[in-house]
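The values are calculated or read from the model by the stated rules, or taken from the named source; none is laboratory data. None of the values given here were measured: they were computed from a predicted structure. For neighbour counting, all protein chains shown are included, and Cβ atoms are generated from backbone atoms with ideal geometry for every residue, glycine included. These area figures cover heavy atoms from the full protein model, side chains too; ligands, DNA and RNA do not enter into them. Shrake-Rupley method; radii C 1.70, N 1.55, O 1.52, S 1.80 Å.
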Amino acid sequence: MISRLKKSLRERGFVATRRSARRRLAAAFDKLLDRHFDWAFGTETRGIVENAELRDVESANFARGIRYEPTRALPFRRVLRAARIPHDGTFVDLGCGKGRACMLAAMHGFANIIGIDYSPALCRVAERNLDVFHARTGRRFASSIRAMDAADYAFAKSDTVVYLFNPFDAGVLSAVIARLRHSLAAHPRRVWIMYQNPVWRDAVEATGAFVHVGDWSYGGCDFAVYRSEP
């Protein structure tokens, strides 16, 4: 490593070497965070929870849910940066599960975070995780975890980023997009949709209301990003 450092200083100079070192350190941190998120923050977000395992859901859309799977830190953070998604509004995670994406959003700089899930049990876990994360990191952010059906969520004019990790099928997604469009009609603004594993992306694209920003794939994780044009 020392020999590589000397070679870089000799061939590229101090400034370029310092920038490269910062990028490498950031990448190493992201990889470590991806593997040891719960160990680092004292949270409990690991594991997959199949929809059939949830016994406390009373929503009529229960059968349309998919499952909980923790968002991987490194791909999530890379897409936020690559798509240049701003963090000056409210981050809304539909199908938040145990809340890992909410915590990653706080790490990215979002000051206001909302998590929606139709399982009260998962919402309680998410609330505990966010409390522990806040105490462990000292980051300043406001969070609200709500046990409700995503199809019933009324978007506020401050909501600017909507995140989905394939939490439900096209039927619920269409209802969500309809509510989002209603909010945009009442309060024109730019809203970003960050859709991981975008199985039912047609439900977004068929409306013609959102610009396709791009597709990204990192570490086997696929993302489609859209935005509204006020």
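Any chance you could run the full-extension gain for residue 128 through residue 88? It's 0.36 nm times the residue separation minus the Cα-Cα distance, nm to one decimal.
Numbers: separation 40, 0.36 × 40 = 14.40 nm, distance 2.48 nm.
Result: 11.9 nm gained on full extension.
In what sequence, largest accessible area first, do 36, 182 appear using a 1.4 Å probe? Write down the numbers at each step before the final one.
Details: 36 80, 182 135 Å².
Result, largest first: 182, 36.
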Worksheet entry | Beta bridge orientation in the chain: antiparallel %, DSSP, nearest 5 | 45
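Would you rank 215, 131 by solvent-accessible area, highest first, keeping every protein chain in place and using a 1.4 Å probe?
On the way: 215 85, 131 105 Å².
Ranked from most to least accessible, the order is 131, 215.
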Worksheet entry | Residue-count net charge about residue 144 - beta-carbon cut-off 13 Å; Lys, Arg +1, Asp, Glu -1 | -4
Discussion item. Please check: in the Gaussian network model of the chain (C-alpha springs, under 10 Å), which one of 60, 52, 142 has the largest mean-square fluctuation.
Written reply: 60
Worksheet item: Considering only protein heavy atoms, what is the solvent-accessible area of residue 187 at a probe of 1.4 Å, reported in Å² to the nearest 10?
Response: 80
Worksheet item: If r is the Cβ-Cβ distance from residue 182 to residue 139 and R0 is 30 Å, what FRET efficiency results, to the nearest 0.05?
Response: 0.40
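As a test of reading the structure, rank 53, 69 by solvent-accessible area (1.4 Å probe, protein chains only), most first. Present the calculation step by step, with values, prior to reporting the outcome.
On the way: 53 105, 69 65 Å².
Order by accessible area, largest first: 53, 69.
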Response to the item:
Taking r as the C-beta separation of residue 156 and residue 36 and R0 as 35 Å, the FRET efficiency to the nearest 0.05 is 0.50
